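Visitor: Encoded as structure tokens, here's the structure I'll be asking about.
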Amino acid sequence: PPSLRATVRAAVSGLPAPARRTAELAAVAGRDFERAELLALAEPAAVLDAMDCGLFRSADGRFGFRHALLRDAVYADLEDARLRSLHEALGEAPSTAAAEAARHLQLAGRHDLAAGRLLQAAADAARATAIPEAVAFLREAIELVPGDPAARLQLAEACALLGDRDTSLGQLGKALALIDPGDLAGRAAAHLRAARWFRGALCDPAAAGAAARRGLETLDSGAPADLDVRAELLAVRAWSEVTVSGAGAAAEFLRLLEALDLDPTPMRRHDLETVRAYVMLATGRLREAEELLVRSAEIGERAGRPDMAYGGWANASCIAAAAGNLERALEHAQRGLVAVAGLPAVEFQMYGVRAYTLARLGRADEARADCDHQAELAARLDAPELAALADHDAGLLALIGGDPERAQELLGRALRGDPAVQRAEARLRRAEALARLGRADAADAEIRAATLEPVGRSHRPAVLVARMAFAQGLSARARGDPALAAERLEESAGHWRRLAGEVSLPRDHLASLVDLGRPPVTGVVDPERELERVAAELRELEAAPT
């Protein structure tokens with residue numbers, strides 16, 4: 001009201017200049033000051049003089065206006081030039097939080113300085129695993145300085161942590177276009193950052209290797225010697241090679257890395273432990289691989305890098321589960337979930353890892369709760385492909401838990417999307433669920449559809465044949481043909497017996513990373529367990545009245 005504004009104007013105008021500035025800063029801040037902030041902005045005498053005008057209160061270490069209307073009245077009386085100066089002062093104050101400082105600097109018209117504080121705010125948010133907030137800050141910064149490649153690289157990294165591959169690649173391309181072609185060191189560092197995203201949250205070994213190769217080629221083309229960048233690129237290239245091509249393919253890059261003879265920094269130790277773990281896995285030394293993965297995860301945690309810890313915990317859990325050590329697998333999964341809290345894309349995968357282990361332990365309610373968490377994360381990310389993947393994982397776990405109705409519904413919904421799963425196997429598992437419900441025609445339709453699905457490295461034809469014979473056996477029983485059911489189940493058992501002698505875990509595990517971009521969270525094939533399932537069906541068939 002005009003009367004209040006006149007009263008406030010009279011009270012402030014009578015203050016000494018330092019006290020008046022203190023009052024105006026408090027109005028522009030829009031909130032109370034903490035004691036430390038106030039001391040950084042004003043002399044104690046100015047604060048005491050400002051208190052004399054009766055507009056302020058000081059209590060519990062805070063200083064501010066007695067009422068928001070008083071603050072508004074002081075703010076409304078400020079001329080534009082004065083207002084901009086005060087916003088700039090608050091924006092440049094070291095005690096002002098980065099995001100708030102950026103807002104003040106924008107209001108002051110200092111967009112150049114505001115962009116820097118937004119980048120700082122994004123980094124602070126990322127450290128607190130508030131990745132969506134970091135993305136928002138970075139988008140705002142890029143609007144202010146569209147020609148800054150560093151901001152675009154930071155945004156690409158944040159989007160990768162959210163699992164947004166397309167935006168991440170798009171921002172990487174724009175950043176590379178903005179980096180001076182002569183800045184070979186800067187371009188190599190950009191390729192390294194991309195290689196790390198692909199090795200971590202985006203989990204694409206081939207793309208990680210390609211990014212590392214481009215970075216190394218850039219360094220080899222005449223960039224100033226940066227041994228740290230070269231070492232990291234060699235480590236990612238070694239990881240990619242062992243994952244895609246096998247243990248021997250990494251040897252050359254490990255030799256080049258060791259020849260650099262650099263100090264073992266945490267990052268370098270993490271990289272080496274990870275590559276050595278995959279070499280152990282590829283050569284069938286599973287216990288050693290698990291131990292190395294745990295060590296790499298712990299190094300990532302100590303370094304404050306949950307994206308680095310993720311791969312260690314997730315893969316260690318899958319290896320332990322496949323080896324039958326379910327309690328140890330659950331321990332790894334739980335530690336991984338704690339490590340990646342706040343990174344929804346990898347948190348999604350860790351919930352899948354833990355859900356599978358819980359289901360194998362017979363803890364169905366807890367497994368279903370983890371699947372529900374997956375669905376919530378997919379919805380939060382607005383990612384249809386993750387929603388379909390959540391349905392797939394939940395459907396398989398429902399089948400394990402003896403709920404065929406829920407299993408067929410979820411697997412059907414997943415298959416209508418395009419999740420990165422073994423579609424042929426998903427169809428055969430849905431056929432199994434349908435047959436158990438007595439829906440033989442629908443089961444046979446899924447079996448036929450499975451034969452038309454493409455097969456990748458993570459598919460083993462012999463496994464698909466064994467699962468198909470099993471589903472056909474259940475379908476024949478649902479049709480009332482016990483003789484054909486027994487014949488098909490015996491065929492399935494024969495396939496599983498032939499597979500039982502194979503050591504397939506390394507091949508299946510690495511193929512899942514290459515084909516699907518995730519550890520095999522629903523378990524590597526266990527022929528002995530499948531044989532038990534077939535035997536149970538045959539016993540039930542024999543016990544049924546003719």
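The values are calculated or read from the model by the stated rules, or taken from the named source; none is laboratory data. Note that the structure is a prediction, hence the values are computed from the model and not measured. No Cβ is skipped: glycine too gets one built from the backbone with ideal geometry, and neighbour counts run over all protein chains shown. Quick note on the areas: whole protein, heavy atoms, side chains included, nothing else; ligands and nucleic acids left out. Shrake-Rupley method; radii C 1.70, N 1.55, O 1.52, S 1.80 Å.
Visitor: Kindly provide the helix-only [θ] at 222 nm of the chain, computed as the sum of -39,500 (n - 2.57) over DSSP H runs of four or more divided by all residues, to the nearest 500 deg cm²/dmol?
Guide: Computed mean residue ellipticity for the chain: -24500 deg cm²/dmol.
Visitor: Once phi is turned into ³J(HN,Hα) by the Karplus curve 6.51 cos²θ - 1.76 cosθ + 1.60 with θ = phi - 60°, what whole-Hz value does each residue of segment 227-235 show in order, with x for glycine and proline?
Guide: Ordered by residue, 3J(HN,Hα) equals 5, 5, 5, 4, 4, 5, 5, 5, 5 Hz.
Visitor: Based on Cα positions only, what radius of gyration and what Dmax would you give for segment 1-119, in angstroms?
Guide: Rg, Dmax (Cα atoms, Å): 14.0, 43.
Visitor: Another one. Placing +1 on the Cβ of each Lys and Arg and -1 on the Cβ of each Asp and Glu in the chain, which of 337, 454, 440 has its Cα farthest towards the positive end of the resulting dipole?
Guide: 440
Visitor: Taking H as built 1.01 Å from N, whose amide H comes closer than 5 Å to the amide H of residue 285, not counting residues under 5 places away?
Guide: none
Visitor: Using a/c under 1.5 as the rounded threshold, could you call segment 485-546 rounded, prolate or oblate? The axes a ≥ b ≥ c are square roots of the C-alpha gyration tensor eigenvalues, and prolate needs a/b larger than b/c, oblate otherwise.
Guide: Since a/c reaches 1.5 and a/b is larger than b/c, the shape of segment 485-546 is classed as prolate.
Visitor: How high is the FRET efficiency from residue 515 to residue 539, r the C-beta distance, R0 30 Å, rounded to 0.05?
Guide: 0.25
Visitor: So, one more: Treat each spin label as a single point 7 Å out from the Cα along the C-beta direction, and report the residue 220 to residue 455 distance in nm.
Guide: For residue 220 paired with residue 455, the spin-label model returns 3.7 nm.
Visitor: Quick check: at a probe of 1.4 Å, how many percent of the accessible area of segment 343-453 sits on carbon and sulfur atoms?
Guide: 45 percent
Visitor: Over all distinct Cα pairs, what is the inverse of the mean 1/r for segment 372-456, reported as the Kirkwood hydrodynamic radius in Å?
Guide: Mean inverse Cα-Cα distance, inverted, gives 12.7 Å.
Visitor: Over the chain, with the other protein chains present, what is the accessible area per residue in square angstrom, probe 1.4 angstrom?
Guide: Per residue, the chain has 43 Å² of solvent-accessible surface.
Visitor: Read phi for every residue in segment 134-139 and hand back ³J(HN,Hα) as whole Hz from Karplus 6.51 cos²θ - 1.76 cosθ + 1.60, θ = phi - 60°, with x for Gly and Pro.
Guide: 4, 4, 4, 4, 5, 4
Visitor: To continue, here is another question. In whole angstrom, how far apart do the alpha carbon centroids of segment 454-496 and segment 354-392 sit?
Guide: Each part's Cα centre sits 27 Å from the other's.
Visitor: Still on this model: So between residue 39 and residue 529, what do we pick up on full extension, going 0.36 nm a residue minus the alpha carbon distance?
Guide: Computed gain between residue 39 and residue 529 is 169.5 nm.
Visitor: Want the number for residue 437 to residue 363: 0.36 nm per residue separation, take away the alpha-carbon distance, what's left?
Guide: Value of the extension gain: 24.3 nm.
Visitor: Additional query: Counting Lys and Arg as +1 and Asp and Glu as -1, each charge on the Cβ, what is the dipole of segment 134-201 about the Cα centre in debye, to the nearest 20?
Guide: 280 debye
Visitor: Normalising by the residue count of segment 54-140, find the relative contact order in percent from Cα pairs under 8 Å and 6+ residues apart.
Guide: 17 percent
Visitor: How large is the accessible surface of residue 455 in square angstrom, using a 1.4 angstrom probe and rounding to the nearest 10?
Guide: The accessible area of residue 455 comes to roughly 90 Å².
Visitor: Same structure, new question: If you take all C-alpha pairs in segment 251-383, what percent of them are over 20 Å apart?
Guide: Every Cα pair in segment 251-383 considered, those over 20 Å come to 49 percent.
Visitor: When every alpha-carbon pair in segment 63-203 is counted, what percent end up more than 18 Å apart?
Guide: Value for segment 63-203 (Cα pairs over 18 Å): 62 percent.
Visitor: Return the FRET efficiency for the residue pair residue 92, residue 372: r is the Cβ-Cβ distance, R0 is 41 Å, and the value is rounded to the nearest 0.05.
Guide: Approximately 0.30, to the nearest 0.05.
Visitor: Taking the Cα centre as origin and putting +1 on Lys and Arg beta-carbons and -1 on Asp and Glu beta-carbons, what dipole magnitude results for segment 8-63, to the nearest 20 debye?
Guide: The dipole magnitude comes to about 160 debye.
Visitor: Related question: Restricting to Cα pairs below 8 Å that are 6+ residues apart, what does the relative contact order work out to for the chain? Please round to a whole percent.
Guide: 8 percent
Visitor: Can you send over the carbon and sulfur percentage of the accessible area for segment 160-318, probe radius 1.4 Å, protein chains only?
Guide: 51 percent
Visitor: Which length gain, in nm to one decimal place, applies between residue 183 and residue 81 when the Cα-Cα distance is subtracted from 0.36 nm times their residue separation?
Guide: 32.7 nm
Visitor: Give me the dipole magnitude in Debye, nearest 20, for the chain about the Cα centre, with unit charges on the beta carbon: positive for Lys and Arg, negative for Asp and Glu.
Guide: 200 debye
Visitor: Further question: What are the ³J(HN,Hα) values, in whole Hz, obtained from phi via the Karplus relation 6.51 cos²θ - 1.76 cosθ + 1.60 with θ = phi - 60°, for each residue of segment 108-125 in sequence order, with x given for Gly and Pro?
Guide: Those phi angles translate into 7, x, 9, 5, 4, 6, 4, 4, x, 6, 5, 5, 5, 4, 5, 5, 4, 5 Hz.
Visitor: Okay, moving on. Report in % the part of the accessible area of segment 463-546 that belongs to carbon and sulfur, leaving out ligands and nucleic acids; probe 1.4 Å.
Guide: Looking at segment 463-546 in its full context, I get 51 percent from C and S.
Visitor: In what order, largest first, do 350, 267 sit by accessible area if the probe radius is 1.4 Å?
Guide: 267, 350
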